[in-house]
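Just so it is clear, none of the values below were taken in a lab; they were calculated from the coordinates. Every value quoted in this text rests on a predicted model; they were computed, and no experiment measured them. Please note: Cβ atoms are built from the backbone with ideal geometry, for glycine as well, and neighbour counts cover all protein chains shown.
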Amino acid sequence: MLAFTLMLLYPLSGLGAPTGPWKWGGGYPGSTMAAVKVSLALTALALLLVIIAGTPVAYYLARREGVERAIWEGALLISVLLPPLALGILLSLSFGPMTALGGWLARLGVASANSATAFVATQFYVSAGYYVLAARAAFAAVPRELEQAAGLLGLNPLRVFWRVTLPLARLGLAAAASLAWARALGEFGAIIVTAYYPSGMPVQIWINLQEAGLPAVMPLLLIFLLSALPLPWLLHLAARRSQVYV
Amino acid sequence: MSEMTRFGARLNHPVLEAHIVKARREFSVDVRLSMGRGERLALFGASGAGKSTVLSCIAGFESPDQGEIRLLGSTLFPPSAPLHRRPLAYLTQKDLLFPHLTVAENVCFALDGVAAGGGGAGGRVPAAAWVEELKRRLELESVWEAPARAVSGGQARRVAIARMLVRRPPLVLLDEPFASLDNLLIFELLEMLLEWQHALNFALLAADHRREILVRLCPRVAVIERGRLVQEGTWEEVAAAPATPALARLLA
């Protein structure tokens with residue numbers, strides 16, 4: 001077990017590799033900060049949209065059974081399993097400026113490629129399925145009978161959700177959201193096709209690697225890891241510890 | 001106008017009129033019940049006779065296939081009324097306390113619905129005094145601020161009872177709520193329930209397969225066998241002339 005864990009974590013030691021003095025500014029002045037800002041702001045927006053759209057769907061799914069649930073989950077699984085690069089190309093082919101949908105969006109003033117919109121939409125596509133499947137599990141762990149008991153005490157379904165379901169699923173939902181966060185923030189394969197600009201951290205790291213070398217890559221790599229890893233990691237541990245009652 | 005005042009105005013209605021038809025794997029349940037205000041009726045039968053199906057259909061945890069259920073003149077089925085529009089209490093083997101809330105928050109849970117304008121206890125006693133009385137008489141002072149998941153089995157049961165009484169339900173359904181408790185505790189809880197029944201005059205429908213518990217709670221009994229009521233009367237009447245051989249064995 002120890003050997004295996006060490007093997008899996010060994011690549012992290014690369015952060016200490018002798019690359020020469022780190023260039024915090026990145027390939028050209030300001031590019032590091034710009035990439036960090038783009039990534040954090042747009043990922044936060046994408047995550048917000050994923051949570052707003054995905055939470056009701058996850059709850060619906062958690063209260064379905066048998067064939068119906070299997071069908072919906074199967075569909076969601078397709079979105080989760082799509083290789084990112086393939087998804088990026090498919091998104092371009094279905095939303096791009098040359099398509100009917102893309103043209104219609106362009107007339108509305110929304111650029112469907114290489115724009116913040118494209119960036120957020122792509123992140124939505126790569127993370128929504130993950131979020132819904134994980135949030136479904138969080139909701140499914142809340143016993144149906146507790147909701148029914150709350151209903152019999154006179155609370156309508158919306159208030160039952162708010163006062164019983166949501167608080168009990170809270171940690172699991174947070175873990176689901178953090179999974180989606182890490183997934184969206186780290187997305188490279190699909191984003192590089194649909195939204196090379198504005199360059200977020202993954203794309204900027206790639207650019208730096210290509211054009212400026214490792215000293216420019218390392219600082220961004222460190223920030224990238226720090227913004228993607230610790231929070232989801234802690235939330236997962238917390239969610240695991242507080243398993244359900246009754 | 002709150003739900004309870006509206007219901008309370010209809011004094012001439014029976015509390016519960018139910019005809020419940022529901023198919024199950026081995027047989028179908030087909031039961032008619034009628035209960036007056038303050039009436040205590042036992043639903044007695046072997047395990048698997050259909051007692052839980054009847055109660056759970058009245059409570060709304062499941063839906064009958066056919067039939068009709070009326071509570072104080074309002075239709076609960078058909079169509080199936082949502083849970084929050086059923087002013088009744090339902091106590092099963094599980095306490096179903098809300099584990100993320102304190103004992104106090106559990107007990108007062110239903111009052112939140114009242115404040116928000118939902119159905120509930122249009123009581124003459126102000127809510128605070130009523131809650132205070134429940135807390136004292138159910139001996140919950142020592143655990144009042146404790147998280148509900150931290151209380152003992154017997155305490156949890158009393159919390160569940162306080163929580164259901166807060167709304168002063170006109171009908172209380174008991175589905176073997178004493179199954180996993182020791183005898184001393186059962187005796188204590190039975191006395192407590194009877195006291196509250198006298199005080200609040202709710203109709204009580206109690207299902208169990210143990211006669212000694214039901215005899216203590218209810219003067220009248222309806223006997224259920226494979227989904228049908230086979231006899232109804234006082235315990236003496238039923239014991240004197242059991243309607244079926246199976247019932248005779250059960251009473252022996």
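Each 5 Å bin, from zero up to the one with the longest distance, holds this percent of the alpha carbon pairs of the range A:159-205: 5, 20, 18, 13, 10, 9, 9, 10, 6, 0. Could you estimate the translational diffusion coefficient of the protein assembly as shown from the Stokes-Einstein equation, with Rh from the Kirkwood formula over C-alpha pairs, at 20 °C and 1.002 mPa s, in whole µm²/s? It diffuses with D of about 80 µm²/s by this estimate.
If you restrict to DSSP beta bridges whose two residues both lie in chain B, what percentage is antiparallel, to the nearest 5? Please list the in-between numbers first.
Working: 24 of 42 bridges.
If we restrict to bridges inside chain B, about 55 percent are antiparallel.
If both residues of a DSSP beta bridge must be in the protein assembly as shown, then about 55% of such bridges are antiparallel. Just so you know, the Cα atoms of the range B:139-186 work out to an Rg and Dmax of 11.8, 31 Å.
Each semi-axis of the equivalent ellipsoid for the range A:1-140 is √(5λ) with λ an eigenvalue of the Cα gyration tensor; in descending order they amount to 32, 27, 14 Å.
Close lysine pairs were tallied over the protein assembly as shown: pairs 8 or more places apart or on different chains with Cα atoms under 21 Å apart number 4. Over the Cα atoms of the range B:187-252, the radius of gyration divided by the Kirkwood radius equals 1.00; this is the Rg/Rh ratio. Rounded to the nearest Hz, the phi-derived 3J(HN,Hα) couplings of the range B:32-38 under the Karplus curve 6.51 cos²θ - 1.76 cosθ + 1.60 (θ = phi - 60°) are 10, 9, 9, 9, x, 4, x, where x marks glycine and proline. Around the amide H of A:Y196, modelled in the peptide plane, lie the amide H atoms of A:N114, all under 5 Å away and 5 or more residues distant in sequence or on another chain. With distances taken between every two different alpha-carbon atoms, chain A has a Kirkwood hydrodynamic radius of 20.0 Å. Counting pairs of Cα atoms in chain B, how many percent are more than 29 Å apart? Here the tail beyond 29 Å accounts for 29 percent of pairs. Extent of the range A:173-229 along its three principal axes (Cα atoms, max minus min coordinate, largest first): 40, 25, 14 Å. Between the C-alpha center of the range A:78-157 and that of the range A:1-40 there is a gap of 29 Å.
Annotation: amide H of B:Q231 within the under-5 Å range of B:V223, sequence separation 5 or more or interchain, hydrogens built in the peptide plane.
The value obtained for the range A:67-175, namely the Cα convex hull volume divided by the number of residues, is 153 Å³ per residue. Using a cutoff of 8 angstrom between alpha carbon atoms and counting only pairs six or more residues apart, the relative contact order for chain B works out to 28 percent. Using the Karplus relation 6.51 cos²θ - 1.76 cosθ + 1.60 with θ = phi - 60°, the per-residue 3J(HN,Hα) values for the range A:7-15 come to 4, 5, 8, 3, x, 4, 5, x, 4 Hz, with x marking Gly and Pro.
Relative intensity of the range A:138-246 on a log10 scale, I(q)/I(0) at q = 0.20 Å⁻¹, equals -0.98, per a Debye sum over C-alpha point scatterers of equal strength in the absence of solvent.
Placing +1 on the Cβ of each Lys and Arg and -1 on the Cβ of each Asp and Glu in chain A, which of A:N114, A:L185, A:P11 has its Cα farthest towards the positive end of the resulting dipole? So the residue we want is A:L185.
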